[in-house]
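What follows is a single structure, written as structure tokens, with notes after it.
The values are calculated or read from the model by the stated rules, or taken from the named source; none is laboratory data. Computed from a predicted model, the values in this text were never measured in an experiment. Cβ sites come from the backbone with ideal geometry, for glycine too, and all protein chains shown count toward neighbours. The accessibility values were calculated without ligands, DNA or RNA, using every heavy atom of the protein model including side chains. Shrake-Rupley method; radii C 1.70, N 1.55, O 1.52, S 1.80 Å.
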Amino acid sequence: MLTVLFNSNKKILVLGAGFVAKPCVKYLRRVPTHLITVADVSLERAQKVAGKKSNTQGIIFDVTRQDLLEELIRDHDIVIWYAAWNAILTVPS
């Protein structure tokens, strides 16, 4: 997996902006060509974790919105789930 992350440009979605997300995003930013989106129910938290780098953005998003979640996941190559484990209703196909 790490080889895949460091050998190509990826659109990466990080769902949740809690305690563990920040070091993960910092690690992922080592590849400046990755486009990283941090999504959280708190826009302030998402933007704080995303930081002020040009390849990261923080957005407000509620993972319980199944219809929008599937679309958001489809738009990214890699999804990292840090949101609450019970927040998802069904696994998107």
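Measuring from label point to label point, each 7 Å out along Cα→Cβ, what is the Asp67 to Arg29 span in nm?
3.5 nm
In region 14-58, carbon and sulfur make up what percent of the accessible area (probe 1.4 Å)? Write out the running numbers ahead of the final one.
Values: 1520 of 2630 Å².
After summing per-atom areas, the C and S share lands at 58 percent.
Leaving out same-chain residues fewer than 8 places away, which aspartates and glutamates sit with a Cα under 14 Å from that of Lys10?
Asp75, Asp77
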